[in-house]
Amino acid sequence: MPFLPEAIRSIRDQSYAPLELIVVDDGSTDGSSEYVRSLEGIALRSLTTADAGPAAARNAAIRSSESDLVAFLDADDLWPSGTLHRMVEALAADPEAGFAQGLIRNFRDLSDGSRHFFTAPYRYLNLGACLWRRSTLTEVGLLDADLRLCEDLDLMLRCWERDIPKAEIDEVTLHYRRHPGNMTAGLSGAGFGTLRAYQKRIDRIRYGKFQNTEPRRFVQSAYLGSGPVHQDGPYRSRPPKTDAG
């Protein structure tokens, strides 16, 4: 709840129409649902899921939506001004692209009330930096509700396996907030869920859903992107090393 009003305000400030806004409350107890119901002058719908996890919550919104384009924004993150317009224009300019992906910049709020951006812009796994064609999600499948973490990695891998092009935007389309309540706070290594996402890929190969021997259209490492470069210090994270086969 502390961040939700600012997240919704960043969506409204996109000045994009028509806009279908669906807020999913995944079992919160902090008054978020009451806050959303109190909003006026904004076309939105509210859904509730029973602590099913981020993937299941997003899937509920996808199934409930009617738009041909789908974007996601977590309650603690923000869209810079003009983000939706930039991503829609990128897809319009590249009809073959299955989704548009911009850059991410990490920030934290300091105790004095100021905002500190501590990474350079980077391109990496985060659904909030992307705009998806519904047809792409139909082709590769929705988010894997079995994954509480790295559901974004799993989705991107499935897009890569199907050689789905993406329209890359060289501007920041997501301000990613870091705070003690982040789901990934304090996690490292296998704790991020990376191994489970790659196990899903191995299972697809094993059961013939993905032919690992066929050359891919894109290099996997370039397709997934790389972790942030911290302006306060060295690299913090990078995608796991895998071959492009």
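The values are calculated or read from the model by the stated rules, or taken from the named source; none is laboratory data. A quick note: this is a predicted structure, and the numbers were derived from the prediction, not measured. Heads up, the Cβs are rebuilt from the backbone with ideal geometry, glycines too, and the neighbour counts pull from every protein chain shown. Areas reflect the complete protein model, heavy atoms only, side chains present, ligands, DNA and RNA absent. Shrake-Rupley method; radii C 1.70, N 1.55, O 1.52, S 1.80 Å.
Looking at region 59-78, which of its residues are outside any loop (DSSP other than H, G, I, E, B) and among the polar types (S, T, N, Q)?
So in region 59-78, the residues outside any loop (DSSP other than H, G, I, E, B) come out as 59-64, 69-71, 78.
Within region 59-78, Asn59, Ser64 meet the criteria.
Between a first residue in region 107-128 that is β-branched (Val, Ile, Thr) and a second residue that is modelled with pLDDT under 95 and open to solvent by less than 40 Å² (accessible area, probe 1.4 Å), which pairs have beta carbons less than 7 Å apart while being 6 or more apart in sequence or on different chains?
Thr119/Pro228; Thr119/His230
Just for region 1-31: of the residues that are farther than 22 Å from Phe107 by Cβ and of a type in the set (Gly, Ala, Ser), which one is surrounded by the fewest Cβ atoms within 10 Å (Cβ to Cβ)?
The residue in question is Ala17.
Pull out all pairs, ordered by first then second residue, where Cβ-Cβ is under 6 Å, the residues are six or more apart or on different chains, the first lies in region 133-155 and is within 28 Å of Ala92 (Cβ to Cβ), and the second is among the basic types (Lys, Arg) and in a helix (DSSP H, G or I).
Val140/Arg158; Leu143/Arg58; Asp154/Lys200
For region 36-58, enumerate the residues that are out of contact with any strand residue (DSSP E or B) (no Cβ under 8 Å at 6 or more places or on another chain), without any contact (Cβ under 8 Å) to a residue 12 or more places away in the chain and assigned to a helix (DSSP H, G or I).
Residue satisfying the conditions is Ser38 alone.
Does Pro180 satisfy being farther than 25 Å from Ile22 by Cα, without any contact (Cβ under 8 Å) to a residue 12 or more places away in the chain and out of contact with any helix residue (DSSP H, G or I) (no Cβ under 6 Å at 6 or more places or on another chain)?
Values: farther than 25 Å from Ile22 by Cα: yes; without any contact (Cβ under 8 Å) to a residue 12 or more places away in the chain: yes; out of contact with any helix residue (DSSP H, G or I) (no Cβ under 6 Å at 6 or more places or on another chain): yes.
Taking the combined requirement at face value, the residue satisfies it.
If I filter region 93-121 down to residues being at pLDDT 95 or above and out of contact with any strand residue (DSSP E or B) (no Cβ under 6 Å at 6 or more places or on another chain), which single residue comes out as nearest to Ile164 (Cα to Cα)?
Going through the qualifying residues, I end up with Glu96.
Anything in region 16-35 that is without any contact (Cβ under 8 Å) to a residue 24 or more places away in the chain and closer than 19 Å to Thr173 by Cβ? List them, or say none.
Passing the criteria: only Ala17.
Under 7 Å by Cβ, and 6 or more places apart or on different chains, what pairs join a residue from region 74-92 that is over 16 Å from Glu168 (Cα atoms) with one that is among the aromatic types (Phe, Trp, Tyr)?
Ala75/Phe3; Asp76/Phe3; Asp77/Tyr176
Can you find, within region 56-78, the residue that is surrounded by the most Cβ atoms within 10 Å (Cβ to Cβ) among those that are of a type outside the set (Phe, Trp, Tyr) and closer than 10 Å to Leu131 by Cβ? First the steps, then the outcome.
Filtering region 56-78 down to residues of a type outside the set (Phe, Trp, Tyr) leaves 56-71, 73-78.
Now drop any that are not closer than 10 Å to Leu131 by Cβ, which leaves 69-71.
On the way: Leu69: 18, Val70: 20, Ala71: 23.
Going through the qualifying residues, I end up with Ala71.
Given the options Gly98, Gly128, name the one that is among the small types (Gly, Ala, Ser) and in contact with a Ser or Thr (Cβ under 6 Å, 6 or more places away or on another chain).
Working: Gly128 fails: in contact with a Ser or Thr (Cβ under 6 Å, 6 or more places away or on another chain).
The match here is Gly98.
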